[in-house]
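Structure first, then comments.
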Amino acid sequence: MAAGGLVWVGAENGALKEVNLRRKQATNHVCGGGGLNRSGGVCALGWADPAEREILVACRDRFVHRFSTESGKFCGGRRCPGGEGPFCGVAALRGSIVTCVESGVVTVWREDGTEDVTIQAGPRLSRMRQHPQRPQRLGTGGRDNALKLWDLQRPQEPLFSAKNVRNDWLDLRVPVWDRDLAFLPHGDKVVTCTAHRQRRPVLEATFGEGALSTLALGPTDTSVIVGSARGEIGVIDLRKGRLLRSLKGVAGGVRGLLCPPPDPPLVVSCGLDRFLRVHDLRGGALRSKVYLKSPLTCLLLSSRHPWQDEEEPPPPEEPEEGGGDALWDALETVPTSPKRGTKRKALGP
């Protein structure tokens with residue numbers, strides 16, 4: 001059984017990689033039309049429209065490019081200045097582009113000529129995520145920067161700001177670093193992964209020895225997949241806060257995790273070891289692996305291509321044992337003559 005599907009992967013060298021997992025083929029698309037350059041490395045990916053006709057590619061040089069999935073070419077883009085540091089999130093909102101940079105500046109870039117909207121979400125951000133059912137809502141989090149939920153229709157104040165855990169036994173502030181977050185599809189619950197500890201959560205679970213770097217919602221609402229800077233990937237049960245299983249085979253820090261449609265239950269991962277991997281969530285087996293030559297930063301999955309299992313061709317049938325005896329029996333026997341120069345020795349009495 002082979003996993004299939006189409007995956008878009010961002011790389012540190014400025015390439016957008018189109019990977020067909022069924023064929024294990026990768027095609028490089030260079031951002032901006034120039035050569036590969038780490039200064040233009042891909043930081044974040046997002047769909048520009050629900051039909052998945054265009055991809056937003058946010059790069060370190062502060063350009064957001066548009067890539068057409070139908071023509072296979074870049075079809076425009078714009079520079080998004082303001083703030084400092086690389087992008088930590090990109091999204092689309094009714095034809096506009098929403099970006100977030102590490103210094104905490106969240107901007108809605110209007111395409112209709114109206115005034116842009118800017119939010120100050122606090123310094124040292126690590127991630128911005130958009131609510132899948134309510135695109136006007138965002139979540140932000142970072143290093144010593146509490147999880148905040150925002151409504152772009154009322155950007156003056158956050159809808160919610162998380163609080164830190166209590167001080168330690170020396171009455172010192174506990175450092176917290178929210179590395180990634182995700183909105184649960186139903187209700188107002190948010191899942192975060194941190195490099196240190198959670199911020200007064202409803203449910204808390206620990207995994208591995210390394211700092212958690214990214215997460216993805218599982219095929220159902222009851223699980224979440226987390227990855228760490230040490231190459232650890234684990235499946236966490238959200239009902240009981242326990243580890244269901246660990247996924248093996250990763251040799252570098254995990255940068256991206258995503259789950260395709262729930263049938264079959266799979267998770268796609270990428271990271272610093274330059275491999276794109278697909279694991280089976282039912283037993284943890286590695287289903288597919290593609291080497292992509294450069295450190296990888298982010299993922300985007302296409303729902304327009306099937307992810308169902310592809311049946312492998314059956315092995316060729318082997319003839320049954322003894323099935324060829326009738327053929328050999330029908331062949332004519334060729335007599336052999338004795339070798340020249342040989343003498344028969346008579347046996348004595």
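The values are calculated or read from the model by the stated rules, or taken from the named source; none is laboratory data. Predicted model, so just to flag it, every value in this text is computed and none were measured. Counting neighbours? That spans all protein chains shown, and the Cβs are built from the backbone with ideal geometry, glycine included. Quick note on the areas: whole protein, heavy atoms, side chains included, nothing else; ligands and nucleic acids left out. Shrake-Rupley method; radii C 1.70, N 1.55, O 1.52, S 1.80 Å.
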Handout entry: Rounded FRET efficiency, nearest 0.05, which uses the C-beta distance separating Ser68 from Lys248 and R0 of 51 Å
Key = 0.85
Fill in the blank from the handout: Of every hundred units of 1.4 Å-probe accessible area on the stretch 100-229, the number belonging to carbon and sulfur atoms, as a percent, is 48 percent
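Considering only the other residues whose Cβ falls under 12 Å of the Cβ of Cys270, what net charge follows from Lys and Arg at +1 and Asp and Glu at -1?
Numbers: positive: Lys17, Arg255, Arg274, Arg277, Lys289; negative: Glu12, Asp273.
Cβ neighbours under 12 Å give a net charge of +3.
Given Cα pairs under 8 Å that are at least 6 residues apart, what percent is the relative contact order of the stretch 1-69?
Details: 142 pairs, mean separation 16.2, N = 69.
Relative contact order here is 23 percent.
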Completion exercise
Label model pair Ser303, Thr222: point-to-point distance (7 angstrom along the Cα→beta-carbon line) in nm is 2.3 nm
Practice task
Could I have the simple spin-label model distance between Arg154 and Asn28, label points 7 Å from Cα toward Cβ, reported in nm to one decimal?
Solution key: 4.9 nm
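For the stretch 114-148, state which trypsin sites (Lys or Arg not before Pro) are in a DSSP loop and have at most 15 other beta carbons lying within 10 Å of their beta carbon. Please report the intermediate quantities before stating the final value.
Numbers: sites: Arg124, Arg127, Arg129, Arg137, Arg143, Lys148; in loops: Arg124.
Those that pass, being in a loop and sparsely packed, are Arg124.
Rounded if a/c is under 1.5, else prolate if a/b is larger than b/c, else oblate: which is the stretch 122-253, with a ≥ b ≥ c the root eigenvalues of its Cα gyration tensor?
Details: a/c = 1.69, a/b = 1.19, b/c = 1.42.
Oblate is the answer for the stretch 122-253, as a/c is 1.5 or above yet b/c matches or exceeds a/b.
With the contact rule set at Cα under 8 Å and sequence spacing of 6 or more, what percent relative contact order holds for the stretch 124-276? Spell out each step's value before the answer.
Details: 364 pairs, mean separation 20.7, N = 153.
Value for the stretch 124-276: 14 percent.
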Handout entry: DSSP-loop GluC sites (Glu not before Pro) across the stretch 76-157, with at most 13 other Cβ within 10 angstrom
Key = Glu84, Glu111, Glu115
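Can you give the relative contact order of the stretch 120-192 as a percent, counting alpha carbon pairs under 8 Å and 6+ residues apart?
Worked out over the stretch 120-192, it gives 28 percent.
If DNA, RNA and ligands are ignored and the probe is 1.4 Å, what is the ranking of Leu299, Leu36 by accessible area, most exposed first? Kindly include the intermediate steps, with their values, before the conclusion.
Values: Leu299 15, Leu36 100 Å².
So, going from the largest accessible area down, we get Leu36, Leu299.
Please identify every one of the trypsin sites (Lys or Arg not before Pro) in the stretch 154-186 that sits in a loop by DSSP and has no more than 10 other beta carbons within 10 Å of its own beta carbon. Don't jump to the answer; show the numbers that get you there.
Details: sites: Lys163, Arg166, Arg173, Arg179; in loops: Lys163, Arg166, Arg173.
Loop-located and lightly packed - Lys163, Arg166.
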Handout entry: Virtual spin-label span in nm between Val117 and Glu84, 7 Å along Cα→Cβ
Key = 2.8 nm
Practice task
Any chance you could run the full-extension gain for Lys163 through Lys289? It's 0.36 nm times the residue separation minus the Cα-Cα distance, nm to one decimal.
Solution key: 41.3 nm
